[in-house]
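Heads up, the thing below is written out as structure tokens.
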Amino acid sequence: MTTQVILLNGGSSAGKSGIVRCLQAVLPDPWLAFGIDAFVDALPPALRGAEGGIEFAADGGVHVGADFRALEAAWMEGVAATARAGARVVVDDVFLGGADSQERWRKALSGLAVLWVGVRCDAGVAAAREIARGDRAQGMAAAQAGVVHEGVSYDLEVDTTRTEALVCARTIAARVG
């Protein structure tokens, strides 16, 4: 079956966004990109830093509430509908809930051909990238590096610790049907 969705999961600053840009450049067909960061940016300000919404703690922890989950579910269904309408889609997400997060995506993407990709990066390297980026709470990358992969099953894993985004993208592209 032809791959309809590529779903990348990895911690903050693991290199997912760079891989997505490279995938769009190396894949022969056009692919739309949907990322959790853009979803969070689209939230109303009242849901950022608020109970029920999404809170970013000073230590890098992330807490989400019921209002966030409801909008996230709608977003996931929208991404799935886009793929069902014929667009090929690559998703960049952070499975804060590990296997539970993957299960929410599995339900939304039911019936679609999905390539599940784990994006790993050494916690220290991700933390250094986080500092260089300057747009994240310090500690987020280290806190997420391992936990986002707990109980998650993948078709393919890449590691950006010492491998450039373009090489990772070519490895993923080689698995796209």
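The values are calculated or read from the model by the stated rules, or taken from the named source; none is laboratory data. Because the structure is predicted, anything quoted here is derived from the model rather than measured. For neighbour counting, all protein chains shown are included, and Cβ atoms are generated from backbone atoms with ideal geometry for every residue, glycine included. Protein only, heavy atoms only, side chains kept; ligands, DNA and RNA dropped before computing areas. Shrake-Rupley method; radii C 1.70, N 1.55, O 1.52, S 1.80 Å.
Is at least one residue of the stretch 42-54 within 20 Å of Glu130 (Cβ to Cβ), modelled with pLDDT of 95 or more and in contact with a Leu (Cβ under 9 Å, 6 or more places away or on another chain)? Scanning the stretch 42-54, I find at least one residue that is within 20 Å of Glu130 (Cβ to Cβ), modelled with pLDDT of 95 or more and in contact with a Leu (Cβ under 9 Å, 6 or more places away or on another chain), so the answer is yes. Look at (1) in contact with a helix residue (DSSP H, G or I) (Cβ under 9 Å, 6 or more places away or on another chain); (2) free of Cβ contacts under 8 Å to residues at least 24 places away in the same chain and you find that Gly134 fails only one, number (1).
Among the residues of the stretch 1-19, those identified as of a type outside the set (Ser, Thr, Tyr), open to solvent by 10 Å² or more (accessible area, probe 1.4 Å) and either over 23 Å from Gly139 (Cβ atoms) or modelled with pLDDT under 95 (or both) are Met1, Gln4. Of all the criteria given as (1) surrounded by fewer than 20 Cβ atoms within 10 Å (Cβ to Cβ); (2) on the phi < 0 side of the Ramachandran plot, the one not satisfied by Gly134 is (2). Evaluated against (1) basic (Lys, Arg); (2) out of contact with any Asp or Glu (no Cβ under 8 Å at 6 or more places or on another chain); (3) closer than 13 Å to Ser12 by Cβ, Arg69 falls short on exactly one condition, (3). Only one entry in Ala83, Ala108, Ala38 is of a type in the set (Gly, Ala, Ser), open to solvent by less than 30 Å² (accessible area, probe 1.4 Å), within 25 Å of Arg21 (Cα to Cα) and out of contact with any helix residue (DSSP H, G or I) (no Cβ under 7 Å at 6 or more places or on another chain), namely Ala83. Count of the stretch 89-115 residues, restricted to those that are hydroxyl-bearing (Ser, Thr, Tyr) and either closer than 16 Å to Trp31 by Cα or without any contact (Cβ under 8 Å) to a residue 40 or more places away in the chain (or both), is 1.
Of the residues making up the stretch 104-159, those that are modelled with pLDDT under 95 and in a loop (DSSP other than H, G, I, E, B) number 6. A single member of Val147, Val94 is under 16 Å from the mean Cα position of the chain (by Cα) and either among the small types (Gly, Ala, Ser) or crowded, with 20+ Cβ neighbours inside 10 Å (or both), and it is Val94. Screening the candidates Glu51, Glu72 for the property of being open to solvent by less than 60 Å² (accessible area, probe 1.4 Å) and either out of contact with any Cys (no Cβ under 7 Å at 6 or more places or on another chain) or of a type outside the set (Lys, Arg) (or both) yields one hit, Glu72.
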